[in-house]
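FYI, it's all coordinate maths here, none of it is from the lab. Bear in mind that the values here come from a model prediction, so they are computed numbers and not experimental data. Note that each Cβ is placed from the backbone with ideal geometry, even for glycine, and that neighbours are counted across all protein chains shown.
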Amino acid sequence: MRILVTGGAGYIGSHVVKLLGAKNLEILTYDNLSTGNHWAVLNGQLIVGDLADKDTLKKTVFDFKPDAVMHFAASIVVSESVRKPLKYYRNNTANTLNLLEIMKECNIKTFIFSSTAAVYGIPVNMPVDEDAPMMPINPYGTSKIMTELILKDIASATNDFKYASLRYFNVAGADKDCRIGQAYKESTHLITRALKTAKGEMQKLQIYGTDYSTPDGTCIRDYIHVDDLADAHLLALQYLLEGGKSDVFNCGYGHGYSVREVIDMAKKVTGINFKVEEAKQREGDPPVLIAKSSKIKKILNWNPEHDDLEYIIKTAWEWEKKLS
Ligand code: UFG
């Protein structure tokens, strides 16, 4: 079994490559290393290439002839997407079209797609399920919805093309053996920023908004360990290969923590009382975002092992210390 992984040198892709390697699958990572790192690819070969470069992509796909494609390569910073929408529609939507066209030419019929909870925007019902309306509030979410719609249309037009779209909630944590983890040049994520503040790399952590309609006034998110998310990808792949139908799955634990609770846990784990400052709300943040996760548990038999904020932050902290 051969799997092509776009973005396999990135944070989430590299954890999936690690798991695919443990299953002895043949892996080829295709990554432009814009945010990924060659050292993060623990298994298989790495081709440094861009999805916009159709010639290199086509040659890679035709030479490798994968049985399935897992597509992680994308731009992911919500605030940047608001300022640079074209970048997001080009990189996330148009470049995915390149990949899908080449897959069709090469007769590859199985596709796992990295989608996001950002497709829901500000959901009316919480926890949010997969049938909730898709009403994104930023170009990042829209760029991912567009791809989901394209996938749906391809699957209806072709009998044998199948996809699973995984809608990630707040992914955090790192490899338990501390080999890989988040290594963005500039992280916008709460847990990473809290730990960078504990480490002294940032002077203070700002809480974006303390006047939300939540019990402690700060936003609530569903934090999921990256290894559990990686496992969901393998289950989705297995499901499709065994005849499962194309579908969309939320990837979250089904409960959340407030920003203040995350900060308290980061202080407990690190043992450092780092500086925290209350600031105004960040644009585009829904007050609460929690996954209804019964579908992925039922259909894919997903049985997450790390539903534990302390473990998530501990692994992220070990990794953060190693980075410096
Ligand atoms: N936050 C702070 N201070 C910081 C960073 C974040 O208070 O320095 C707050 C945010 O305002 C938010 C919460 O912490 O309330 C979580 O923020 P993150 O930036 O860690 O994550 P988001 O919920 O904004 O975004 C994540 C993914 C996106 C995805 C989105 C789905 O990073 O890719 O979930 O809504 F689109």
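Pairs from the list 162/295; 280/321; 104/298; 204/292 with a Cα-Cα gap above 24 Å: 280/321; 104/298; 204/292. Counting only alpha carbon atoms, the long axis of helix 54-64 and the longest principal axis of the chain meet at about 70°. Once you have a ≥ b ≥ c as the square roots of the Cα gyration tensor eigenvalues for segment 80-179, tell me rounded if a/c is under 1.5, and otherwise prolate or oblate according to whether a/b is larger than b/c. Verdict is rounded for segment 80-179.
For the chain, the calculated P(r), taken from all Cα-Cα distances in 20 Å bins from zero up to the bin holding the longest distance, is 33, 60, 7 percent.
For the chain, adding -39500 (n - 2.57) for each run of n ≥ 4 DSSP H residues and dividing by the number of residues yields -11500 deg cm²/dmol at 222 nm.
The fewest-to-most ranking of 31, 227, 211 by surrounding Cβ atoms within 10 Å reads 211, 227, 31.
Does segment 70-139 classify as rounded, prolate or oblate by the C-alpha gyration tensor (a ≥ b ≥ c root eigenvalues; a/c under 1.5 gives rounded; else a/b over b/c gives prolate, otherwise oblate)? It is oblate, given that a/c is not under 1.5 and a/b is not larger than b/c. Averaging over all projection directions, the Cα-based convex hull of segment 213-324 occupies 9.1 nm² in the image plane.
Ranking 240, 180, 146 by how far each Cα lies toward the positive end of the dipole of the chain (charges on Cβ) leaves 180 at the top. Each DSSP beta bridge with both residues in the chain is either parallel or antiparallel, and the antiparallel ones are about 5%. For segment 190-296, the share of DSSP beta bridges that are antiparallel, to the nearest 5, is 25%. Taking a sphere under 14 Å around the Cβ of residue 63 and counting the other residues whose Cβ falls inside, with K and R at +1 and D and E at -1, yields a net charge of +1. Computed from Cα positions, the angle between helix 309-323 and the longest principal axis of the chain comes to roughly 80 degrees. Its relative contact order, with pairs defined as Cα atoms under 8 Å and 6+ residues apart, puts the chain at 19 percent. Dipole of the chain computed with +1 at Lys/Arg Cβ and -1 at Asp/Glu Cβ about the Cα centre; of 301, 249, 189, farthest Cα towards the positive end is 189. Using a cutoff of 8 angstrom between alpha carbon atoms and counting only pairs six or more residues apart, the relative contact order for segment 65-221 works out to 21 percent. Taking Cα centre as origin and charging only the Cβ of basic (Lys, Arg, +1) and acidic (Asp, Glu, -1) residues, the dipole magnitude of segment 122-185 rounds to 300 debye. Considering only 66, 103, 79, whose Cα is most displaced toward the positive end of the charge dipole of the chain, charges sitting on Cβ of Lys, Arg (+1) and Asp, Glu (-1)? Towards the positive end, the residue furthest out is 79. Short-range pairs are left out: with C-alpha atoms under 8 Å and at least six residues apart, the relative contact order of segment 101-184 is 35 percent.
Rounded to the nearest 20, the size of the Cβ-charge dipole of segment 1-150 about its Cα centre is 240 debye, with Lys and Arg at +1 and Asp and Glu at -1.
The magnitude of the dipole of the chain, with charges of +1 and -1 set on the Cβ of Lys/Arg and Asp/Glu and taken from the Cα centre, is near 440 debye.
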